[in-house]
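Asker: Structure provided below as C-alpha cells; questions to follow.
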Amino acid sequence: MALIKTSSLISDIRGKVQASVFQGSLAGLTLKTKVGRINKNSLRQNKTRNFTFKLQQDWRRLSIAERALWDQFTNFNPILQRRSHDLFINAQQNFIKFNSYRLEYDLDILTTPQFSKCEITPIDLTISSDGTTILATASRQLDEVLEFIILFLTIPFIPTINNPGSRLKLIKFTTTNNTTFDVTTPYKEIFGSIPQPGQKMFFKFSNADKNSGIIFPFKTKSLIL
C-alpha cells in the first residue's frame, strides 16, 4: 500500500485501474495492488486439456499394430459415449479416456491393453466425515499392484439438493493395500474446507485394472453426513 499526495489539479482519486485500487483511508488517499484470485477450475481445465493433447500425440506415435490392438480391445470392452445411449467410443477415445485417469493418478501410460481375464472385481465405496476428516472405505481390500480407485467428490450441499450438477471433482490420492483411505488433504486442496455433519455430499467412483485397461462402470451416490 502506498500513500498518495494530491495536487491542486487533482484532489481525489477513487476506483480501480487494472490491478491498482485508489481509495480513501484515515491516513489519506492510498494506492493498493489487488492480486486476482487463482481460478482453480481453470487450472484443472488446463490440466485436462494438456493431458488430452499429450495423449493425442501419444496415440499418433503408436504403431499400426498397437492401434489395431486398441481397436480389438475397444470392441472386446465397448463403452457407451457419455451423452449417447446408442453410440460407443472408438479406440482412440478409449485410449485417451483410460490413460487420462492414469495420468491424473501419476501412473505411466498404458500403450498395450491386455486381453487376459481381469484380475480384480468391482468395489463398492462409502464416504464418511466427522467434520475434520474425510474417509473413503472400500468393500474389500485393494491391491495396489493390480488396481487403482478413481474418486470424485462434491462440495457440501443442503439436504434438499438432489443433483450434483457439475460439482463432482476428481480427488487425487494413492491406492494402497488397504480398505480405508484418508482423502481429507486432497479434498481441502480443491474445495477449501471440510463438510460438516448434517450436510449432503455426492460422490462418484470406480476402480480400474492397471494391466488390462478395464475401468468398471462408475457409480454415483449421495449421503447426508
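The values are calculated or read from the model by the stated rules, or taken from the named source; none is laboratory data. For clarity, every value in this text was computed on a predicted model and none was experimentally measured. Glycine also receives a Cβ, built like all others from the backbone with ideal geometry; neighbour counts cover every protein chain displayed. Side chains included, ligands, DNA and RNA excluded: accessible areas come from the protein's heavy atoms. Shrake-Rupley method; radii C 1.70, N 1.55, O 1.52, S 1.80 Å.
Asker: So if I check each of Phe115, Phe202, which one is within 30 Å of Arg67 (Cβ to Cβ) and out of contact with any Cys (no Cβ under 8 Å at 6 or more places or on another chain)?
Answerer: Of the residues listed, the single one that is within 30 Å of Arg67 (Cβ to Cβ) and out of contact with any Cys (no Cβ under 8 Å at 6 or more places or on another chain) is Phe115.
Asker: Related question: So which residues in region 128-138 are over 11 Å from Ile194 (Cβ atoms), among the polar types (S, T, N, Q) and either free of Cβ contacts under 8 Å to residues at least 24 places away in the same chain or touching a Ser or Thr at 6+ places or on another chain (Cβ under 6 Å) (or both)?
Answerer: Across region 128-138, the qualifying residue is only Thr137.
Asker: Filter region 189-211 down to the residues that are assigned to a loop (DSSP other than H, G, I, E, B) and either touching a Leu at 6+ places or on another chain (Cβ under 9 Å) or open to solvent by 60 Å² or more (accessible area, probe 1.4 Å) (or both), then identify the one that is modelled with the lowest pLDDT.
Answerer: If we take residues in region 189-211 being assigned to a loop (DSSP other than H, G, I, E, B) and either touching a Leu at 6+ places or on another chain (Cβ under 9 Å) or open to solvent by 60 Å² or more (accessible area, probe 1.4 Å) (or both), then Asn211 is modelled with the lowest pLDDT.
Asker: Could you tell me whether any residue of region 165-182 is at pLDDT below 95, in a loop (DSSP other than H, G, I, E, B), more than 14 Å from the chain's Cα centre (by Cα) and of a type in the set (D, E, K, R)?
Answerer: Within region 165-182, none of the residues are at pLDDT below 95, in a loop (DSSP other than H, G, I, E, B), more than 14 Å from the chain's Cα centre (by Cα) and of a type in the set (D, E, K, R).
Asker: One residue is enough: does region 160-169 have a residue meeting the conditions among the aliphatic types (A, V, I, L, M), in contact (Cβ under 8 Å) with a residue 12 or more places away in the chain and in contact with a Ser or Thr (Cβ under 6 Å, 6 or more places away or on another chain)?
Answerer: Looking through region 160-169, at least one residue is among the aliphatic types (A, V, I, L, M), in contact (Cβ under 8 Å) with a residue 12 or more places away in the chain and in contact with a Ser or Thr (Cβ under 6 Å, 6 or more places away or on another chain).
Asker: Then there's this: Could you grab me the full set of residues in region 75-108 that are under 17 Å from Arg60 (Cα atoms), outside any loop (DSSP other than H, G, I, E, B) and not basic (Lys, Arg)?
Answerer: Ala91, Gln92, Gln93, Asn94, Phe95, Ile96, Phe98, Asn99, Ser100
Asker: Now, a different point. Is it the case that Thr33 is modelled with pLDDT of 60 or more and either open to solvent by less than 90 Å² (accessible area, probe 1.4 Å) or more than 21 Å from the chain's Cα centre (by Cα) (or both)?
Answerer: No; evaluated as a whole, the condition is false for this residue.
Asker: Determine, yes or no, whether Pro186 is touching a residue at least 40 places away in the same chain (Cβ under 8 Å), surrounded by 15 or more Cβ atoms within 10 Å (Cβ to Cβ) and not hydroxyl-bearing (Ser, Thr, Tyr).
Answerer: no
Asker: When you scan region 159-172, do you find a residue that is aliphatic (A, V, I, L, M), farther than 19 Å from Phe191 by Cβ and touching a Leu at 6+ places or on another chain (Cβ under 9 Å), even just one?
Answerer: The answer is no, given that none of the residues of region 159-172 is aliphatic (A, V, I, L, M), farther than 19 Å from Phe191 by Cβ and touching a Leu at 6+ places or on another chain (Cβ under 9 Å).
Asker: Right, next: For region 150-163, check the following and say yes or no: at least one residue is of a type in the set (A, V, I, L, M), open to solvent by less than 50 Å² (accessible area, probe 1.4 Å) and assigned to a loop (DSSP other than H, G, I, E, B).
Answerer: Yes.
Asker: Against the conditions (1) buried (at least 18 other Cβ atoms within 10 Å of the Cβ); (2) among the aliphatic types (A, V, I, L, M); (3) under 28 Å from Val183 (Cβ atoms), where does Ala91 fall short? Just the number, please.
Answerer: Only one criterion is unmet by Ala91, namely (3).
Asker: Quick one: count up the residues across region 212-223 that are open to solvent by 40 Å² or more (accessible area, probe 1.4 Å) and either in contact with a Gly (Cβ under 7 Å, 6 or more places away or on another chain) or aromatic (Phe, Trp, Tyr) (or both).
Answerer: Within region 212-223, residues that are open to solvent by 40 Å² or more (accessible area, probe 1.4 Å) and either in contact with a Gly (Cβ under 7 Å, 6 or more places away or on another chain) or aromatic (Phe, Trp, Tyr) (or both) number 1.
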